[in-house]
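Let me begin by presenting the structure, written as structure tokens, before commenting on it.
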Amino acid sequence: MKRAAALVAALAVLATVVWLVWPSDAEISGQEQRIAVVDGPGDDQRVELDTTYFPPAGGGRAPAVLLAHGFGGSKQSVRAQAVRLARQGYAVLTWSARGFGRSTGQIALNSPDYEVKDVKQLIDWLAERPDVRLDAAGDPRVGIAGGSYGGAIALMTAAHDSRVDAIVPMITWNDLSEALFPNGVFKKMWAGLFFSRGGPSPDAQGLSALTAQPRPLSAEEARCGRFLPAVCAMYQEVAATGRATPAAIETLRASSPVSVAGRIKAPTLLIQGQRDSLFPLAQADANAKAIAAAGTPVEVMWFDGGHDGGNGEVDWLDERLLDWFDRYLRTDGQGTSAKGAAATVKGFVITRDGGRDPGTRQRIRLHPGADRYPGLAGTSTTQVPLTGPDQNVANPPGGNPASISAVPGIGGLLGAGAQGNPGVSLDMPGQSAVFESAPLAEPLQLTGTPTVKIRVQGQGEATLFAKLYDVADAATPPTLPAGLVAPVRVPAGSGEVTVTLPAVDHRFAAGHRVRLALTTTDMGYATPAEPASYVVGLASPTLTVPTVPELAAPPTGPVWWTWALPLAAVAAAALILATGRRTVAAPSGTSERAEVPLEIAGLTKAYRNGEKAVDGLSFTVEKGQVLGLLGPNGAGKTTTMRMMMGLIQPDDGEIRIFGDTVTPGAPVLSRLGSFVEGPGFLPHLSGRDNLTLYWQATGRPPQDAHMEEALEIAGLGTALERAVRTYSQGMRQRLAIAQAMLGLPDLLVLDEPTNGLDPPQIREMREVLKRYARDGRTVIVSSHLLAEVEQTCSHVVVMHRGRLVSAGPVSDLLGTAKHNGHGPRLEDVFLDLIGEKS
Amino acid sequence: MTTTAAPGYAARRTLPLRVEIVRQFKRRRTLVMFGLLLALPWILVIAFQFGPQNTGQQNALRLSDLATQGGLNFAAFALSVSASFLLVVAVALFCGDTVASEANWSSLRYLLAAPVPRDRLLRQKLVVALGYSAAAVICLPVMALIAGTLVFGWNDIQVPGTGETIPAFDVLPRFGIVIGYALVSQLVVASLAFLLSTVTDSPLGAVGGAVGLVIVSTILQAVEALGSLREFLPTFWNTAWMDALAPVLDWGGMTKGAAVSVTYSAILIAIAFRRFRRKDVVS
């Protein structure tokens, strides 16, 4: 107990010390700077950028990271991420882009003439910093990361400035015109939301922005907010008509990586959201293809997030981002990291649902990867037959009511905590043609863009929205993976057209059906106002589903510890058992000693507190003796008897029974019958069952038990069939003595056998013991009743405080006693011996 | 080796399993526990009969909502509600009580002096205690399957969460996996209870100690800050058997759970044997 307490105390002290000494995270504080830049097509526009610089935590010259914010945000939006990166030893610069936050200037949509020039000058500024590592004079080691609007500036800057060494663009566009006008259909809700975020900036930040009285706006501000007038005019034109003019497309493309992606030399980690109806996975796909075509290393990640919500996976993205920068900014060679991060970099990593955590029942995400980015066509395809007749669909006048798929901004409003697909998808009756597969025989993991060939007949150009539903059964509403739709325009009278469905990663479970729906309306898009009707049918009855089997490959068998741990445990267990095995003294049964029932030599046993219960005890018992073991309470009689039974290990000395050293479970104990410190029975069993089962437990033949003789000694009569718990103390006592006599052992050890017996029974017991010894067996009896011992025993051993005081025949002992009037009494001798004179 | 033992004595014949089974069987706690485990499914059946009937579609299909879908669903439900505590108590009782109660009754010293060698005594007792524990873990879902099938019919199993169905005869072997895994995962409780049983003379102490460990471990595994360390908590994978009833059988969780369980058990049982071998029996 003391040792355990000491151990606990030591551990507590150790834990406290470790806690105190453990290095705490370095305090990171940003330095606010206003950096003046010059931009514009003629390099004549002065803009002040509001920036914060976070020096690297480690000191010295460190690689730098530029962190860009999303549309409508400011440098404050990325502050937390900047602090995390600075803590990892990067010099981090955040800034509010022109037209955002407290920076001056107007929004030019990441134009090469405006925002890109700004960022190049920020890189110049970094090159002047004493704590930023340089590749050459004026060329800092720098990476750029950012989401959405900030992702695009990363790509644009990398294309225009060769000093950029690595970029991590997230949920961003490749071609803004394609993102806002997919297949020429205006994505009106997203476009409206997107542009409104560049509106007049409130003077106050945060909550006070909602409560403060708004400042009166000038006409220009109200109309265009902080947009550059040219951008504003372009948007107003296309939003009013729902049609992209060539000039608008040119403006949007100039602000898009599509125009310059082939020039990017900085290794690029493209992170795109699986829940993104604004910049879907196809945008990252286009970026990846263009950048890879230039021979630049590219990795593509599809994570659980995007402009429509999802989990966001902040920690996972941070980890991957850090991996990427560690790999390309920390090392001199391309692609080999100091800490071997190269092994973890793959061509393609996606996030998939991994069921629930068994402990917390929370959703967990898996991140399977493939060595190569397969594109949206997959590495192999599965043909899924679809059936359905040609169907009539109508475009309602005014495009109203419209079908609903993803509702822009809803995911954002619900926040990153929104789990799963809200599943608000609704097809209006009469507007959709539906084609369905048979229930799938096996699960189908779709990764990429499925394609299908359809035929449309009708007047004029048709605008259709293609969706791929997962239909579980009749009872469950179909789900639209990620809420994505693909708009298609079918030119008048053209007939057949191949529809490319939205890029998703979705698992259709076995038994589910795949349903293709083609609707004439979608709330998120501008659709023709004129009523029209078409006949929609399948031109080819199969849906081509891309798959990437490499991703599904099981992750290299079970985790290593699932086999290593049990093996180690079994080895440890074997070690625990092997080292715990006591060296058993060979039972040295010499023939002359084999006739000696009991021989005790130098027996010593100390209590835990060091006090000796038995101290150097030695005596011998010969065959045929009835030995009385005498001594006051605490003399060590019971301890000695327990050692005879192998229950307690002696500290020193030994006990031999018929020549064999007594060890726990020594076979010679089978010749010992014992009754020590009270009876021990199973209270729920009858007396007879107890004895029978005890004998069976010894494993010896039933006929050796001499059960009837023992039961006669017990003298329990019919009570033998009752449960032991109903017995009186005397009955248990007699049953226990009977149990000790089962098998008529050669050596019988009885501790206080007459306790609880009435006088006739005591008398009978006396005769039984004498008779027992007469047959050449040996009996050892301990007792307090000296008169009893005197009458029963032939020999006596007297113990006191663990030591032998006297041993010999009763008659000898009595002979040594001094007479005090009447005959010698054992009581007098005993008291004399233990030193308490009467 | 001189033959100094009594005639007919052989260490390998001491305390036969049959004897130990009989010794334990007639105990009240054994009979009460089995009675409870066999009655529980019927109590649940009655509870479902009296409870308000679900009408209308449920969006999130929970195991309890599906319990009345059929015998298999009902058995899965019965197992899920009892595995976390009732079966733990049953297993802790059979394994924790076995040596400690003998010490408590003083019968342990007579067995040891019979003599039943100490390793053998522990081995036989462990085998019988594990046997009773296994019977307890098996009898509950089997009785639930019988009761559920009689009352709710023999239907395909409906998976919680997605509501998919798996044909009944496909899932029957999976049910064997479920029960097998439930057995393996209870091994930790069994071995800890057994270790405590050899340390203390109080049967309640051994049972309570093992149940206490399960409670502490369950609390710890809810602390997500512990991260992947939680995977090594003895109770972390206790519900992994649900993977066996998913449309696609997933061995991952159950493999890990079995590994953790076997690891703890091997070491705990080894310690039990080592301690008991050297222990001074003073009870």
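Each reported figure results from applying straightforward, stated rules to the coordinates on display, with no laboratory input. Since the model is a prediction, treat every value here as computed from it, not as a measurement. As a convention, Cβ positions derive from the backbone with ideal geometry for all residues, glycine included, and neighbour counts pool all protein chains shown.
Side notes on the structure shown:
- Peptides ranked, highest mean first, by Cβ atoms within 10 Å: ranges B:175-187, A:611-623: B:175-187, A:611-623
- Remark: region A:223-342 carries a charge dipole of roughly 540 debye about the Cα centre, counting +1 on each Lys and Arg Cβ and -1 on each Asp and Glu Cβ.
- Backbone N within region B:223-238 under 17 Å of label point (7 Å from A:D318 Cα along the Cβ vector): B:224-228
- With both labels modelled 7 Å from their Cα along Cα-to-Cβ, the A:K770 to A:V18 distance reads 7.3 nm.
- Under 5 Å from the amide H of A:S148 lie the amide H atoms of A:M170, A:I171, A:T172, each residue being 5 or more positions distant or on a separate chain, with H modelled from the backbone and absent for Pro and chain starts.
- For region A:688-789, alpha-carbon Rg over 2.2 N^0.38 Å: 1.05
- Put simply, the Cα atoms of region A:464-553 extend 48, 28, 22 Å along their principal axes, the longest span coming first.
- For the protein assembly as shown: rounded, prolate or oblate by the Cα gyration tensor [a/c cutoff 1.5]: prolate
- If the chain linking A:K612 and A:T379 were pulled fully straight, counting 0.36 nm for each residue of separation and taking away their Cα-Cα distance, it would gain 75.7 nm.
- Using a Förster distance of 22 Å, the FRET efficiency for A:Q649-A:A572 (Cβ separation, nearest 0.05): 0.30
- Each residue of region B:64-78 was assigned a 3J(HN,Hα) from its phi angle through the Karplus expression (A = 6.51, B = -1.76, C = 1.60, θ = phi - 60°), giving 5, 5, 9, 4, 8, 6, x, x, 5, 4, 5, 5, 4, 5, 4 Hz with x at Gly and Pro.
- Hz values of 3J(HN,Hα) by residue in region B:24-40 - Karplus curve (6.51, -1.76, 1.60), Gly and Pro given as x: 7, 5, 6, 6, 4, 5, 5, 5, 5, 4, 5, x, 5, 5, 7, 7, 3
- Residue list for region A:639-678, given a label point 7 angstrom along the Cα-to-Cβ vector of A:T620 and an amide N cut-off under 18 Å: A:653-662
- Site pair B:F25 and A:A137 shows an inter-label distance of 9.7 nm when each label is modelled 7 Å from Cα along Cα→Cβ.
- Max-minus-min Cα coordinates of region B:206-260 on each principal axis give 37, 28, 17 Å, with the largest extent listed first.
- Principal axis dimensions, largest first and in whole angstrom, of region B:80-151 by Cα: 53, 17, 17
- The Rg/Rh ratio for region A:1-116, using Cα coordinates for both the radius of gyration and the Kirkwood hydrodynamic radius, is 1.34.
- The Cys residues in the protein assembly as shown with no partner Cys Cβ within less than 4.7 Å of their Cβ are A:C793, B:C95, B:C139.
- Site pair A:T579 and A:D43 shows an inter-label distance of 7.6 nm when each label is modelled 7 Å from Cα along Cα→Cβ.
- Built amide H within the under 5 Å cut-off of A:A606, gap 5+: A:A613, A:D651
- Relative contact order of chain A, defined on C-alpha pairs under 8 angstrom at six or more residues apart (%): 8
- Remark: the B:Q49-B:L172 segment gains 41.8 nm on full extension, using 0.36 nm per residue and subtracting the alpha carbon distance.
- Cα-based equivalent ellipsoid of region A:282-332: semi-axis lengths in Å, sorted from largest, via gyration tensor: 22, 19, 5
- In order through region A:11-19: 3J(HN,Hα) via Karplus (6.51 cos²θ - 1.76 cosθ + 1.60), integer Hz, x for Gly, Pro: 5, 4, 4, 4, 4, 4, 4, 4, 5
- Cβ-based exposure ranking for A:I834, B:I157, B:I138, in which fewest neighbours within 10 Å come first: B:I138, A:I834, B:I157
- Close amide H pairs (under 5 Å, H built 1.01 Å from N) link A:G58 with A:G89, residues at least 5 positions away or on another chain.
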